Amino acid sequence: MMSINATLLGQIVAVLMIVMAVAGYYLGKRKTQTPVLTTVIAIVSSLIPPLALLFLMALVLKNDVNVQAGNV
């Protein structure tokens, strides 16, 4: 049986946190009014990978925020 080393698990979680931070900020900027808060929630949710996937799915399915005419 294969066992997972604690160091390897920590590295996987660290990489997942970075990926979720980037994806959370990118999607948060397009889909919400508060991209920094969305990024923080994405990082925290990355500690539980199924929750992180659900969070990303919710962001992807959310409609984009309306861009104001002055902010081109």
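Can you tell me how much longer the chain between Val19 and Leu53 gets when fully stretched, taken as 0.36 nm per residue apart minus their C-alpha distance, in nm with one decimal?
Gain in length upon complete extension: 11.1 nm.
What whole-number value in Å² describes the accessible area per residue of the chain for a 1.4 Å probe?
77 Å²
Highest first, please rank the peptides 33-40, 6-13 by the mean number of other Cβ atoms sitting within 10 Å of their residues.
Descending mean neighbour count gives 33-40, 6-13.
Heavy atoms only, probe 1.4 Å: what % of the accessible area of the chain goes to carbon and sulfur, would you let me know?
Of all accessible area on the chain, carbon and sulfur atoms account for 73 percent.
State log₁₀ I(q)/I(0) for the chain at q = 0.12 Å⁻¹ as given by the Debye formula over alpha-carbon point scatterers of equal weight, solvent excluded.
Each listed q maps to, in turn, -0.38.
In percent, what relative contact order does the chain have, based on Cα pairs under 8 Å that are 6 or more apart in sequence?
Normalised by residue count, the contact order of the chain is 29 percent.
The values are calculated or read from the model by the stated rules, or taken from the named source; none is laboratory data. The model shown is predicted, which means the values in this text are computed figures rather than measured ones. A quick note on method: Cβ atoms are made from the backbone with ideal geometry, for glycine too, and the neighbour counts reach across all protein chains shown. Side chains are part of the model used for accessible areas, which takes the heavy atoms of the whole protein and leaves out ligands, DNA and RNA. Shrake-Rupley method; radii C 1.70, N 1.55, O 1.52, S 1.80 Å.
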